[in-house]
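FYI, it's all coordinate maths here, none of it is from the lab. Being a predicted model, the structure only gives us computed values, none of them experimental. All Cβ positions, glycine included, derive from the backbone under ideal geometry; neighbour counts span all protein chains shown.
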Amino acid sequence: MDIGVCVASHIGDIDYVVRAEELGYTHAWLADSQMIWSDCYAALALAADRTSKIQLGTGVSVSGTRPAPVTASSIATINAIAPGRTFLGIGTGNTAMRIMGHKPQRIQEFDQYLAALRPLLRGEEAEHHFEGTTQPIRHIMPDHGFVNFKDPIPMYVSGFGPKSLALAGKHGDGAVLSMPPDGKMMERMWEMIERGATADNQTINRNDYLTCSLTTIVVLDEDETLSSPRVKAEAGAFAMASVHYSYDQFRQLGRTPGGKLEEIWDEYTALLADYDETRIHQRIHAGHNCWVLPEEEQFLTTELIDATCIVGTASQVIERIKELEATGLSQLMILPNWDPRYEVLERVGTKVIPHL
């Protein structure tokens, strides 16, 4: 099992990626959300210049905000700085689009986008759909070091549901998942991925196909428990992001979540009920995957954290990771709270990674 790190892109914190490389993390996934963090490609360029081994890419780039040729040129530019260790994670923009008050890109448009993007990543010609027209396009000056298409750029497609995961199977070299850290879910994920490949007359070799799930890890001391204040301090933001996602689904589709959110749902929706409707999209994801707003601390139950994060002593964490690996998950990328991110990086890097 590989362990990667998902990075809230920050132009002034490239040391975080450098330290991840030193500790043995295999991948750095720099997140792409224009209205909350630094531009991911600018941060990737700096990280590429300061590292030599770690795989670098987007976690994930957003199709709805960047046309396919822009995405291809951007990541191929990074590949010119970090040849052979650059990858592209791509998704419809659940957070990035919603923060701007828009829905993620539709599945049909995403399918069309990926179909154009794949040949562009190889420096080949593609059919690009733009403003009602379709034109053949390619990078017409790929030489002289402007970009690098010679070293392959694998494309990992993000998917949360059956349709997007089917597109990951159809177009991708791997799939980026956000699933509970429970091995029972992985076979269901494989079914959705392979359904898309089969529909396109393809066969996936599971050994060569990357599956990476976003979570975070808290390594407890032997005398600590799930209720330790440090657990909320290190994993609370990631756990709350699942509540934010559920609230967006509730607003858009009227879906009321059950399970671990049921006991907090009425109070949480009441908290936002009177918020300015014209700016609610700015409020929902406030603190996204970095910190927890004071008024939302009350919703951080141990049950919610346990359902979304991997928490345990070093031996317990290692055992859970190996169980996930046995189901076909090939990588975890962790996204801890902002302030203790270096401490989490060190704990996982020294107490877990050497034993995998």
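Can you compute the FRET efficiency between Asp223 and Ala286 using 1/(1 + (r/R0)^6), with r the Cβ-Cβ distance and R0 = 25 Å? Round to the nearest 0.05.
Working: r = 34 Å, r/R0 = 1.37.
Computed FRET efficiency for Asp223 and Ala286 comes out at 0.15.
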Exercise. Can you check what the net charge comes to around Met155, using other residues whose Cβ is under 12 Å from the Cβ of Met155 (Lys, Arg +1; Asp, Glu -1)?
Key: +2
Exercise. Evaluate the Debye formula for segment 209-355 with equal point scatterers sitting on the alpha carbons, no solvent, and hand back log10 of I(q)/I(0) at q = 0.18 Å⁻¹, in q order, two decimals.
Key: -1.08
Quiz item: Per the Debye formula with a single identical scatterer at each Cα and no solvent contribution, what log10 I(q)/I(0) holds for segment 229-304 at q = 0.18 Å⁻¹?
Solution: -0.70
Quiz prompt | For Gly64, distant residues with modelled amide H under 5 Å away | solution = Gln105
Exercise. Given a cut-off of 28 Å, name the pairs among Lys150/Lys184; Lys232/Lys351; Lys232/Lys322; Lys184/Lys260; Lys150/Lys351 whose C-alpha atoms lie farther apart than that in the structure shown.
Key: Lys150/Lys184; Lys150/Lys351
Practice problem: Grab the other residues whose beta carbon is less than 13 angstrom from that of Met97, score K and R as +1, D and E as -1, and report the net. | Solution: +1
Exercise. Report, for the chain, the % of DSSP beta bridges that are antiparallel, rounded to 5.
Key: 15
Quiz item: Separation between the Arg138 and Lys150 pseudo-spin-labels, each 7 Å from Cα along Cα→Cβ, expressed in nm?
Solution: 1.7
Practice problem: May I ask you to list the aspartates and glutamates whose Cα is less than 14 Å away from that of Lys163, ignoring any residue fewer than eight positions away on the same chain? | Solution: Glu109, Asp111, Glu191, Glu194, Asp200
Exercise. Rounded to the nearest 500, what is the 222 nm mean residue ellipticity of the chain from helices alone, with -39500 (n - 2.57) per DSSP H run of 4+ residues and division by all residues?
Key: -13000 deg cm²/dmol
Quiz item: Using 7 Å Cα-to-Cβ label points, what is the His102/Lys322 separation (nm, one decimal)?
Solution: 4.7
Quiz item: Once both axes come from the Cα atoms, what is the angle between helix 314-326 and the longest principal axis of the chain, in degrees from 0 to 90, rounded to 10?
Solution: 40
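Please report the net charge: other residues with Cβ closer than 10 Å to the Cβ of Tyr41, K and R +1, D and E -1. Don't skip to the end; give the middle numbers.
Numbers: positive: Arg66; negative: Asp32, Asp39.
Cβ neighbours under 10 Å give a net charge of -1.
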Quiz item: When the label point is put 7 Å from the Cα of Met185 along its Cα-to-beta-carbon vector, which residues of segment 128-161 have a backbone N closer than 19 Å?
Solution: 157-161
Self-check item: Cut-off under 5 Å, modelled amide H: who pairs with Val218 long-range
Solution: Ile310, Val311, Gly312
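So for the chain, considering every pair of alpha-carbon atoms, how many percent are separated by more than 37 Å? Let's see the in-between values first.
Values: 9644 of 63190 pairs.
The answer is 15 percent, as a whole percent.
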Exercise. For helix 107-120, report the angle its Cα long axis makes with the longest principal axis of the Cα atoms of the chain; keep it between 0 and 90° and round to the nearest 10°.
Key: 50
